[in-house]
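Just so you know, all these numbers are worked out from the coordinates, no wet-lab data involved. Every value quoted in this text rests on a predicted model; they were computed, and no experiment measured them. Cβ placement follows ideal geometry from the backbone for every residue including glycine, while neighbour counts extend to all protein chains displayed.
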Amino acid sequence: TSREVADLAGVSRSAVSRVFTPGASVSPKMAERVRKAADTLGYRPNALARSLITGNSRMIGLVVAYLDNFFYPEAIQILSRLLQDRGYHALMFMASNSADSIDGVVKEILGYQVDGLILASVSMSSDLAAQCRDAGKPVVLFNRTQPGPNITSVTSNNFEGGKQVAQALIETGHRRIAYVAGWEGASTQQDREAGFRAGLAQAGLEPCARAVGNFETEAARQAARDLFGGPDRPDAVFVANDHMAFAVMDVLRFELGLKVPRDVSVVGFDDVPMASWPSYDLTTVRQPTNRISAQTVDILLAQIKDPTTPQSRMELEGQLIHRGSLGQR
């Protein structure tokens, strides 16, 4: 028990408590003495019991809809590390993109007495957002936003990213440009397509064809077959994320026998590590994942510390990374 540790170390029980409380003030010499006594006795502090006393679990609920997209495992790793650096830990839950699933998962997480929530790739109902706020549990949407008051979100500037893609394709001489959309309900999909269309419109163009890949591999493969299986095929395609772009490229090259970029140029969005592999060499919009993650953690912890911290919608600029999948016409 903490009393036995205190007796062995020759300190008070409150000193033992401070040693095992992240961020608490304690001298290095005392901390070393207490930890040595704890190791000798096999003592481990009960974090759940402490949370009942202090009202702070130092746990953050992290909700994700899917991990197939290579962007999210990397982002979750960064978020978890940043939280650990600040004395917090992530408690991860999976949900589908349906409102009922997300709301049910969030309500379950609240039962674990988390201090706040990060929703990655999912949104939530306005009613549930209000419930979280009333319960003093701040919520930050990561890589997703949604309309309505009292919503805090951190994303890249998806509209400008889509616009950059359109401009790059036009500057390289492409005119028959198709688009493979993600899940229609996602703000990332909506904003990327809106920016893409705006960029094309500036040159008097619009997408020559459109298919929906739903951010899923098989759906993206079928989208590629639908767009490029006929004789009057596009000369370029913007795919709403890299995960789908890889599937599209595989169909173009290995099923339809087309050369990238000689026959068709392909551009994605996210710049996941696989995009730079020689087998894909994908031109794509790089999301500033480290900065998005850092801002998400900073905002969430600020709202935990001070519930009067205002809600905000932050957009960080991305960068178009030119690689071999974009050719000159």
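Would you mind counting up the charge near Leu8? Only other residues with Cβ under 11 Å from its Cβ, with Lys and Arg at +1 and Asp and Glu at -1.
Net of charged neighbours comes to 0.
Could you state the angle between the C-alpha long axis of helix 187-201 and the longest principal axis of the C-alpha atoms of the chain, as a value from 0 to 90 degrees rounded to the nearest 10?
Long axis of 187-201 versus the principal axis of the chain: about 30 degrees.
Sum -39500 (n - 2.57) across every DSSP H segment of at least 4 residues in the chain, then divide by the residue count to get the 222 nm mean residue ellipticity, nearest 500.
Only helices count here, giving -13000 deg cm²/dmol.
If you plug each phi of the range 270-278 into the Karplus form 6.51 cos²θ - 1.76 cosθ + 1.60 with θ = phi - 60°, what whole-Hz ³J(HN,Hα) values come out, in order, with x for Gly and Pro?
2, 6, 6, x, 4, 4, 8, 5, x
Along the range 236-252, what does the Karplus equation 6.51 cos²θ - 1.76 cosθ + 1.60 (θ = phi - 60°) give for ³J(HN,Hα), rounded to whole Hz, x for Gly and Pro?
7, 9, 9, 10, 5, 7, 5, 3, 6, 4, 4, 5, 4, 4, 4, 5, 4
What does the charge add up to near Gln222, with Lys and Arg as +1, Asp and Glu as -1, over the other residues with Cβ less than 12 Å from its Cβ?
After counting each charged neighbour, the total is -2.
Suppose R0 equals 51 Å. What FRET efficiency, 1/(1 + (r/R0)^6) with r the Cβ-Cβ distance, do Asn150 and Gln328 give to the nearest 0.05?
0.60
Return one number: the angle in degrees, 0 to 90 and rounded to the nearest 10, between the long axis of the Cα atoms of helix 28-41 and the longest principal axis of the Cα atoms of the chain.
Compared with the principal axis, the helix lies near 80 degrees.
How are the alpha carbon pair distances in the chain distributed across 20 Å bins from zero to the largest one, expressed in percent?
Pair shares across the bins are 29, 44, 21, 6, 0.
Which one of Val212, Ile102, Gln167 has its Cα pushed farthest toward the positive end of the charge dipole of the chain, where Lys and Arg give +1 and Asp and Glu give -1 at the Cβ?
Ile102
Could you tell me what percent of the DSSP beta bridges with both partners in the chain are antiparallel, to the nearest 5?
10 percent
Just grab the label-to-label distance for Phe254 and Ala302, each label 7 Å out from Cα along the Cβ direction, in nm (one decimal).
4.6 nm
What is the sum of charges around Ile170, taking Lys and Arg as +1, Asp and Glu as -1, for the other residues whose C-beta is under 13 Å from the C-beta of Ile170?
Neighbourhood net charge equals +2.
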